[in-house]
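Structure first, then comments.
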Protein chains: 2
Amino acid sequence: MAETKIPYKIYLSESEIPQKWYNVRADMKNKPAPLLNPGTHKPLTAEEMSGIFCSELVAQELDNETRFIEIPKEIQDFYKMYRPSPLVRAYCLEEKLQTPAKIYYKFEGNNTSGSHKLNSAIAQAYYAKKQGLKGVTTETGAGQWGTALSMACSYLGLDCKVYMVKVSYEQKPFRREVMRVYGASVTPSPSMETEIGRKINAEHPGTTGSLGCAISEAVEVAVKNPDYRYVLGSVLNQVLLHQSVIGLEAKAALDKYNVKPDIIIGCAGGGSNLGGLIAPFMGEKLRGEADYRIIAVEPASCPSFTRGKFAYDFCDTGMVCPLAKMYTLGSDFIPSANHAGGLRYHGMSPVLSQLYADGLMEAVAVEQTKVFEAAEEFARVEGILPAPESSHAIRAAIDEALKCKETGEEKTILFGLTGTGYFDMTAYESYHEGRMNDYIPTDEELASYAAKLPKID
Amino acid sequence: MAETKIPYKIYLSESEIPQKWYNVRADMKNKPAPLLNPGTHKPLTAEEMSGIFCSELVAQELDNETRFIEIPKEIQDFYKMYRPSPLVRAYCLEEKLQTPAKIYYKFEGNNTSGSHKLNSAIAQAYYAKKQGLKGVTTETGAGQWGTALSMACSYLGLDCKVYMVKVSYEQKPFRREVMRVYGASVTPSPSMETEIGRKINAEHPGTTGSLGCAISEAVEVAVKNPDYRYVLGSVLNQVLLHQSVIGLEAKAALDKYNVKPDIIIGCAGGGSNLGGLIAPFMGEKLRGEADYRIIAVEPASCPSFTRGKFAYDFCDTGMVCPLAKMYTLGSDFIPSANHAGGLRYHGMSPVLSQLYADGLMEAVAVEQTKVFEAAEEFARVEGILPAPESSHAIRAAIDEALKCKETGEEKTILFGLTGTGYFDMTAYESYHEGRMNDYIPTDEELASYAAKLPKID
């Protein structure tokens, strides 16, 4: 096992951390559709956006042309605290599976936020700071994004207001506590601090909240306070841009050993990790320089790629945010309460949606018991305890490796291991106790949500 | 901040992972005192030990002469999964403190066990496997050691029986669940599975257990079952030997940049991390090749070095284990229930005890509110969320750096960051809520425990 030329972990040196983000939109023939103003249904202008987002981020959001965007030195410095992240050769997993496939994973969980979310959090916080703002607002469900943003804000001395879905706030006190370590204010949503929160509390006494409601509260606070802006951890073009560091590093590490992946696999909720991981590979594919099979993995209980519509839809359940053209299940679709495996967003990044619509990538949906089975198999041989979200990619990677075992093909598989599962032990517990089952929405259910999609010409 | 020759993180390459452990005892003029048979008070023979420990580990426990001991290839392979661990230059902390001191820390938390414990767990599990045993037994309190051992056993296909203090089992269900991911059986102690467990349950109905009782159960199961042995995560000579990889890597990384620490700081409970971190530096000191200030940091609520006696004592509360000569507070000393900061062991590694008695190292005791203050200060600038145990070392490192600020001295400080605090958020919460206070045992209390120390000539 050790007599190989490729080490278990390929680390880049500090000087090899990317100094530019790669903007895959520059190489896309069909650009992602623009965000629309929810009132007028016309493309959102930079001016309209700048009340919600920082100016520099608005520019990045709208920039479909610039191929490489300089990473400011301050962000590079922050990256040095936890990057480059390791690219791991999964020797032990390969041996366990007895597969001729060569499996690599890019591990983004080696930081306190426990996921790749920090890559964009620091960028968004930095531009807010640069613009002279006092702070940022955001929502968080399970808390990975909220933690990442708290860390970034604490580093830059920026105020961070997190609206956390009430049920998560109560059931995940540890995540909340981590955010407090980093000085964030964490408010259970719906709160009595905002108009929309008071309205929802009045209409639904005792509600335990939803991500859509938390978004609405965070946006309201940002819009009403000129010193604050709203930030978001996925879906947006700017987020995929920042996350391109994942793919750039992965590619640089593989290039060192002249390894070319045949298959690239990532889990997909809003698409931030997958979009980042595949960026430079997709770029080569778009420019006709190389070919890769690229697979998005989503939960069978929230199957936006595989069973959703490619249409304009609201980004939030509250329907106050802009409309995005994306694969969507409908903005009020919420996966079954039994679903523990993350990736609960009803829509998908417009960039990835366009690439998928253009046949440049594939998608599979997997059931959560199979996901946790893969997670545990992986943990026992590779050591790392994966997040449920990341384990979707593990499931698909194992499945592809087992196909190679059948055919005898020595394919090279690269997958994104987005994070660790330390705060997801209740989900593991329900798996161990046999309480976890697989809920797959029926065609009728999905059709009823799809029927409510906004009609946009 | 970035225009420096020394990177944020100094990683060694895979081929630079130590291939031998360093046995500091070989360089000690005054060897650590031998373990004694609790019945006869005579030095424990290899034969007596081999009913409890694997033969190879018995040999390592008794070997005071061999300076370097080969690390078996299988263990080296496992180390490659999570080592080398980074040596980090704490640029952000230095800037925050505005100190001329140069601060480095060796971070051992980048693995799923969340601490350095894995370094010895894999070694102990390996030798058990090699001896053809079916499994190992152990006890765990907070669960770091139990998690590390579960991971090692899962990797090697060895059965792992963990006796977890009942109160922790109930209050820390997530740790228990992590161990289950790795296939360990986790039993709340006292259980009804062992004689001692049934006895304690009968005598103290409703007891929530203690570490001492869990040790007794784990030892009983190992001794009664010839296919099992008992393993321990700290205190023993063999554990310090395995943990020398920490110091060897740290020294190799510093040597690359010709950096020589003036002060080396580690937290000390049973001494496994501190003993490992300082090993090669202490070796130089013992051989007269270099000098270092070495500081052990312990909780003021469990101050074995600073207020304990250097005497023979039982290693467990149940007084069934061998006697060790060490700094001890008495085997039935238990720190205040209010104490959240780990490092609760009543005694201390015999190796470190001897070195301390010989004036080769110093010790300080710190109060837990000061420890959590340091933890939070560190987290906010360095990103990593430290374990309470590790934060004792952070506290002392910050204090030394602040002294440098006063005097203007540019000292180089190296400290051990043993692990992460993801499973310690209730302790952080009590700190945030102002419920944490400092309990320091009185002289009278300590004297009453000391009076009960066994009388050994």
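The values are calculated or read from the model by the stated rules, or taken from the named source; none is laboratory data. This structure is a prediction, so every number in the text was calculated from the model and none was measured. When we count neighbours, we look across all protein chains shown, and the Cβ atoms used for this are built from the backbone with ideal geometry, even at glycine. Ligands, DNA and RNA are stripped out before the accessible areas are found, and what is left, the full protein with its side chains, is counted by its heavy atoms. Shrake-Rupley method; radii C 1.70, N 1.55, O 1.52, S 1.80 Å.
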Report summary line: For segment B:412-438 the number of residues that are touching a residue at least 24 places away in the same chain (Cβ under 8 Å) and surrounded by fewer than 15 Cβ atoms within 10 Å (Cβ to Cβ) is 2
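Among strands (runs of 3 or more DSSP E) lying entirely in segment B:137-237, which contain 1 or more residues that are within 13 Å of another protein chain (Cβ to nearest Cβ) and either among the aromatic types (Phe, Trp, Tyr) or surrounded by fewer than 24 Cβ atoms within 10 Å (Cβ to Cβ) (or both)?
Working: elements: B:159-165, B:185-189, B:228-230.
Strands (runs of 3 or more DSSP E) meeting the threshold: B:185-189.
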Query - Selection within segment A:24-43 - modelled with pLDDT under 95 and either open to solvent by less than 40 Å² (accessible area, probe 1.4 Å) or not in a loop (DSSP other than H, G, I, E, B) (or both) - result: A:37
Query raised in the report: Quick one: in segment A:104-136, which of the residues that are among the polar types (S, T, N, Q) and more than 14 Å from chain B (Cβ to nearest Cβ) is farthest from residue B:386 (Cα to Cα)?
Result: A:131
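Hey, does segment A:252-271 have a residue that's under 24 Å from residue A:334 (Cα atoms), under 20 Å from the mean Cα position of the chain (by Cα), at pLDDT 95 or above and not hydrophobic (A, V, I, L, M, F, W, C)?
So in segment A:252-271, the residues under 24 Å from residue A:334 (Cα atoms) come out as A:266-271.
Now restrict to residues that are under 20 Å from the mean Cα position of the chain (by Cα): A:266-271.
Okay, now just the ones that are also at pLDDT 95 or above, so A:266-268, A:271.
Going one step further and asking which of them are not hydrophobic (A, V, I, L, M, F, W, C), we end up with A:266, A:271.
Checked segment A:252-271: at least one residue is under 24 Å from residue A:334 (Cα atoms), under 20 Å from the mean Cα position of the chain (by Cα), at pLDDT 95 or above and not hydrophobic (A, V, I, L, M, F, W, C).
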Query raised in the report: Do the conditions hold for residue B:196, that is, is it over 21 Å from the mean Cα position of the chain (by Cα) and not assigned by TED's automatic domain parsing to the domain that holds residue B:388?
Result: yes
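Of the residues B:53, B:78, which is out of contact with any Lys or Arg (no Cβ under 9 Å at 6 or more places or on another chain) and under 21 Å from residue B:119 (Cβ atoms)? Spell out how you get there, then give the answer.
Values: B:53 fails: out of contact with any Lys or Arg (no Cβ under 9 Å at 6 or more places or on another chain).
None of the other options fit; the residue is B:78.
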**Report entry** Leading residue by the ranking (nearest to the other protein chains (Cβ to nearest Cβ)) among those in segment B:342-359 that are touching a helix residue (DSSP H, G or I) at 6+ places or on another chain (Cβ under 7 Å) and within 30 Å of residue A:180 (Cβ to Cβ)
**Finding:** B:342
Query raised in the report: For segment A:438-453, what are the residues that are out of contact with any helix residue (DSSP H, G or I) (no Cβ under 7 Å at 6 or more places or on another chain) and within 16 Å of residue A:341 (Cβ to Cβ)?
Result: A:439, A:440, A:441
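Table: residues versus (1) free of Cβ contacts under 8 Å to residues at least 60 places away in the same chain; (2) surrounded by 24 or more Cβ atoms within 10 Å (Cβ to Cβ); (3) on the phi > 0 side of the Ramachandran plot.
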| site | (1), (2), (3) |
| --- | --- |
| B:243 | no, yes, no |
| B:249 | no, yes, no |
| B:270 | no, yes, no |
| B:282 | no, yes, no |
| B:289 | yes, no, no |
| B:298 | no, yes, no |
| B:307 | no, no, no |
Query raised in the report: Residues in segment B:431-445: is at least one within 14 Å of chain A (Cβ to nearest Cβ) and of a type in the set (A, V, I, L, M)?
Result: yes
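Quick one: is residue B:244 in contact with a Ser or Thr (Cβ under 8 Å, 6 or more places away or on another chain), outside any strand (DSSP E or B) and of a type outside the set (Asp, Glu)? Spell out the reasoning first.
Values: in contact with a Ser or Thr (Cβ under 8 Å, 6 or more places away or on another chain): no; outside any strand (DSSP E or B): yes; of a type outside the set (Asp, Glu): yes.
It is false that residue B:244 is in contact with a Ser or Thr (Cβ under 8 Å, 6 or more places away or on another chain), outside any strand (DSSP E or B) and of a type outside the set (Asp, Glu).
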Requested in this report: Report yes if residue B:101 is in the same structural domain as residue B:408 (by TED's automatic domain parsing), open to solvent by less than 10 Å² (accessible area, probe 1.4 Å) and farther than 30 Å from residue B:338 by Cβ, otherwise no.
Outcome: yes
Requested in this report: Report the residue count in segment B:10-23 for those that are open to solvent by 20 Å² or more (accessible area, probe 1.4 Å) and either in a strand (DSSP E or B) or among the basic types (Lys, Arg) (or both).
Outcome: 1
Query - Filtered residues of segment A:395-430 (kept if more than 14 Å from every other protein chain (Cβ to nearest Cβ), of a type in the set (D, E, K, R) and under 19 Å from the mean Cα position of the chain (by Cα)) - result: A:395
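Name every residue in segment A:59-102 that is assigned to a strand (DSSP E or B), within 14 Å of another protein chain (Cβ to nearest Cβ) and farther than 16 Å from residue A:18 by Cα, in order of residue number. Explain how you work it out, then say what you get.
If we filter segment A:59-102 for residues that are assigned to a strand (DSSP E or B), which is where we start, we get A:68-70, A:87-89, A:102.
In the following step, the residues that additionally are within 14 Å of another protein chain (Cβ to nearest Cβ) were identified as A:87-89.
Selection gives A:88, A:89.
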Report task. Kindly provide the set of residues from segment B:1-50 that are of a type in the set (A, V, I, L, M), under 25 Å from the mean Cα position of the chain (by Cα) and within 14 Å of chain A (Cβ to nearest Cβ), ordered by number. Result -> B:10, B:12, B:17
Query raised in the report: For segment A:360-378, what are the residues that are without any contact (Cβ under 8 Å) to a residue 60 or more places away in the chain, facing chain B (nearest Cβ under 10 Å) and either buried (at least 24 other Cβ atoms within 10 Å of the Cβ) or within 21 Å of the chain's Cα centre (by Cα) (or both)?
Result: A:375
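Table: residues versus (1) at negative phi; (2) among the aliphatic types (A, V, I, L, M); (3) touching a Pro at 6+ places or on another chain (Cβ under 6 Å).
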{"position": "A:376", "(1), (2), (3)": "yes, no, no"}
{"position": "A:379", "(1), (2), (3)": "yes, yes, no"}
{"position": "A:387", "(1), (2), (3)": "yes, yes, no"}
{"position": "A:393", "(1), (2), (3)": "yes, yes, no"}
{"position": "A:402", "(1), (2), (3)": "yes, yes, no"}
{"position": "A:427", "(1), (2), (3)": "yes, yes, yes"}
{"position": "A:434", "(1), (2), (3)": "no, no, no"}
Query raised in the report: Of everything in segment A:105-136 that's within 13 Å of residue A:74 (Cα to Cα) and of a type in the set (Lys, Arg), which residue is most open to solvent (accessible area, probe 1.4 Å)?
Result: A:130
Report task. Inspect all residues belonging to segment B:327-342 and state whether any of them is under 19 Å from the mean Cα position of the chain (by Cα), farther than 28 Å from residue B:425 by Cα, of a type outside the set (Phe, Trp, Tyr) and open to solvent by 10 Å² or more (accessible area, probe 1.4 Å). Result -> no
